[in-house]
1. Work the Kirkwood hydrodynamic radius out for region 669-758: mean of 1/r over every pair of different alpha-carbon atoms, inverted, in Å.
2. As a test question: what accessible area, to the nearest 10 Å², does Ser156 have when a 1.4 Å probe is rolled over all protein chains in place?
3. With label points built 7 Å along Cα→Cβ from the Cα atoms of Leu134 and Asp512, find their separation and express it in nm.
4. Of Met611, Pro433, Trp31, which is farthest towards the positive pole of the chain's charge dipole, taken about the Cα centre with +1 and -1 on the beta-carbons of Lys, Arg and Asp, Glu respectively?
5. Between the alpha-carbon centers of region 425-500 and region 221-299, tell me the distance in whole angstrom.
6. Which FRET efficiency value, to the nearest 0.05, is calculated for Arg183 and Phe374 with the Förster distance at 45 angstrom and r the Cβ-Cβ distance?
7. Suppose the chain between Thr273 and Lys440 were pulled fully straight at 0.36 nm per residue; how much longer would it get relative to their current alpha carbon spacing?
8. Could you list the square roots of 5 times each eigenvalue of the Cα gyration tensor of region 86-173, that is, the equivalent ellipsoid semi-axes, sorted largest first and rounded to whole Å?
Amino acid sequence: MTNHWIDLRNSDCVLIMGSNAAENHPISFKWVTKAQEKGATLIHVDPRFTRTSSKADIYAPLRSGTDIAFLGGMINYIMERKRWFPEYVVNYTNAANILSDKFKFEDGLFSGYDAKKRSYDKATWVFEMDGAGLPKRDESLNDPRCVFQQLKKHYSRYTLDKVSAITGTPVNDLIKVYDAYTRTGQIDKSGTIMYAMGWTQHTVGVQNIRAMCIVQLLLGNMGMAGGGVNALRGESNVQGSTDAGLLFHILPGYLPTPPASVPNLAVYNEKFTPKTKDPQSANWWGNRPKYIVSLLKSFFGEAATKENDFGYGWLPKIDDGKAYTWLDIFDAMYDGKIKGFFSWGQNPACSGANSNKTRKALAKLDWLVNVNLFDNETGSFWKGPGMDPKKIKTEVFFLPCVASVEKEGSLSNSGRWMQWRYKAADGPGKCLPDGDIMVKLFEKIRALYEKDGGAFPEPIKNLRWDYVKGGHFDPHAVAKLINGYFERDVEIGGKQYKKGDPVPGFALLQADGSTSSGNWIYCQSYGAKNLSARRGKTDPTGMGLYPEWAWAWPVNRRIIYNRASVDIYGRPLAPNKNILEWKGGKWVGDVPDGPWPPMADKKNGKLPFIMRADGVGALFGPGLADGPFPEHYEPLECPVEKNLMSGQRMSPVAPVYKGDADVFASCDPRYPIVCTTYRVTEHWQTGVMTRWQPWLLEAQPQNFLEMSEELAKLKGIKNGEKVIVSSVRGQIECVAVVTKRFKPFTVQGQTVHEVGTTWHFGWVHPKDGGDSANLLTPSTGDPNTRIPESKAFMVNVVKKGGK
């Protein structure tokens with residue numbers, strides 16, 4: 001989230017899209033309701049009429065997988081009706097920048113496309129530069145090559161009629177949504193977006209979010225109270241785990257994982273440290289050398305020295321151009337290229353796309369370690385449906401761990417708030433906290449390296465390991481090292497710091513090895529006090545920032561890019577939502593995005609988007625794999641033969657796997673129905689924790705399939721009957737829920753039906769609960785992140801025992 005949960009109450013218009021927040025994030029809805037009580041409009045866009053829809057002032061249906069068409073229509077609406085915020089767009093975005101005349105877009109493809117490689121050469125996705133090395137600009141926004149005019153041209157194709165024909169959303173509903181939301185581009189107004197997996201789990205998932213970022217920048221909603229782009233994380237610490245480098249391409253603090261072609265730290269810093277010639281750009285990523293060295297010192301302590309590149313050579317490297325995502329891991333496992341696998345706090349046999357492939361892949365391992373609370377489909381895959389234990393070589397180990405309330409530590413919620421949780425009870429029997437399991441494993445591994453040596457012992461033998469207290473993992477010690485220490489006596493800015501002192505903020509981290517920090521964005525969180533444990537209830541601004549409740553990264557800033565909420569003189573653009581103001585020569589309110597004066601100070605002022613080298617919001621964004629402007633493409637599997645926007649049916653750069661298990665069927669009469677997946681309040685993820693709770697199982701005992709009354713009539717299915725749902729990859733049995741919540745869509749003049757099911761169930765327990773919906777989903781995903789496309793695929797539905 002750029003903002004935070006409480007800030008939702010400050011919005012004038014809340015758009016929930018790709019999410020059923022009322023059901024899946026019910027606490028968030030407290031703040032949405034407070035916004036409504038103050039007069040805000042709530043809009044819900046979803047294929048299904050849900051609990052969120054029932055609370056909305058405006059509901060609009062759309063076919064799964066067509067969000068960019070919907071949002072592209074909104075961008076066109078903003079442009080045609082001049083709803084954009086001129087002062088904000090000119091000063092705080094790259095709208096005025098002039099694009100290279102070599103940049104083109106034709107028939108769904110941007111310039112530089114290589115069909116054989118299914119990728120782009122981005123050499124033409126650049127701006128024209130002036131003699132000072134800065135982008136040429138036309139602040140009148142009239143130059144036909146400026147970003148604003150190119151954006152306008154690109155989305156002029158997204159007319160109301162064409163968007164309606166793609167999405168299935170009636171034109172009148174489109175107009176209602178567009179009109180209500182784009183009115184937030186006025187002084188004293190702000191609008192926010194709440195999205196979840198309904199946006200991300202697509203072959204265009206990242207571009208779904210980019211499209212909404214463009215909307216927010218045009219309307220001046222970024223950095224504003226009641227504005228921003230707000231991801232509703234699927235688990236309470238997803239934000240924290242991402243911050244800590246859970247994904248293969250990033251280290252903690254969003255530092256790039258080094259590729260094999262980058263041999264040393266000097267080359268790493270040169271390659272990954274952005275530069276700018278704009279004196280008004282803060283270019284905060286220019287500090288990356290300080291953060292990577294401090295990270296290496298946190299990894300290797302005194303063993304990390306200038307002479308050995310601070311241990312850079314001990315870091316794992318990734319092969320250039322190779323993906324190591326979930327889809328790629330299981331693809332390699334399926335091909336027999338992986339010998340062992342730790343399944344830690346997860347259940348990939350149910351949660352992974354194309355779960356039949358996942359389960360067959362597990363059977364090709366030598367060993368599998370399952371760390372979890374309860375038995376699950378992953379740990380017991382070898383005795384599941386279609387498996388012959390006699391033919392499976394995989395040796396499975398089960399390590400029982402404790403639940404979250406049976407251990408101490410922090411989580412970082414969707415709003416970036418790091419909150420400390422205390423241990424409420426001991427775990428049962430021999431169950432251990434995850435940290436203790438890791439300690440035991442690592443100390444055994446290190447002892448083996450000490451005894452037997454190894455091909456590459458240095459990273460193991462030199463790893464900093466002062467996290468153990470009384471033989472147990474100490475979460476406070478880890479949290480303190482994540483904050484960081486001074487590793488020797490130093491003087492910075494005329495102030496003395498002693499070795500062992502906590503670093504008070506990331507601005508003091510150094511590139512010379514004198515500081516450590518396990519994650520630079522968390523520097524300040526744990527000094528003399530554990531700030532994440534704070535529970536102060538003061539709210540000086542009255543805007544719900546609560547700066548003494550827990551701690552938010554970075555430096556307790558509650559709204560990111562908040563200097564975009566003021567004009568170039570530091571005056572609030574929305575005086576009735578004043579979270580920041582330049583007053584008496586200093587910033588008052590939220591912790592500002594940097595201490596510099598407002599932009600009107602040409603000598604010392606800095607642009608507000610400090611994490612970008614150019615300092616402004618990107619209407620034109622050349623960093624992604626699939627284009628600088630979001631463009632509508634159909635999902636891998638869809639009900640139509642043609643994409644109405646271009647000759648490219650699906651994303652030209654989305655990953656397409658070609659193994660024998662990676663089949664797909666688009667516009668196939670055998671599978672004529674769109675299917676999507678979702679959650680219910682009563683269950684959690686794949687149900688490992690909730691399916692074993694009898695009271696929750698009583699509330700939702702079996703997997704079900706929701707379908708419209710029209711489709712049920714067509715198929716001869718009655719409410720409560722068992723049905724078989726099948727895709728080209730697999731099938732599941734569900735209880736039919738015939739409902740008015742789904743309605744048929746009219747798409748390109750044809751009737752298209754959509755159904756939906758949950759992914760909470762699996763064959764282990766309960767025995768009649770049904771199996772995972774991911775047996776149906778395809779092996780493909782977003783080209784930037786490879787998050788699987790679980791929200792739009794094609795199926796057939798028949799009554800059990802029927803044809």
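1. With all distinct Cα pairs of region 669-758 included, I get 14.2 Å.
2. Here the residue's solvent-accessible area equals roughly 60 Å².
3. 3.2 nm
4. Value: Trp31.
5. 23 Å
6. Taking R0 as 45 Å, the efficiency between Arg183 and Phe374 is 0.35.
7. Fully extending the segment from Thr273 to Lys440 adds 56.4 nm.
8. Square roots of five times the eigenvalues give 28, 22, 9 Å.
The values are calculated or read from the model by the stated rules, or taken from the named source; none is laboratory data. Values in this document were obtained by computation on a predicted structure and should not be read as measured data. Cβ coordinates were reconstructed from backbone atoms using ideal geometry, including for glycine residues, and neighbour counts include every protein chain displayed. With ligands, DNA and RNA removed, areas are computed over all heavy atoms of the protein, side chains included. Shrake-Rupley method; radii C 1.70, N 1.55, O 1.52, S 1.80 Å.
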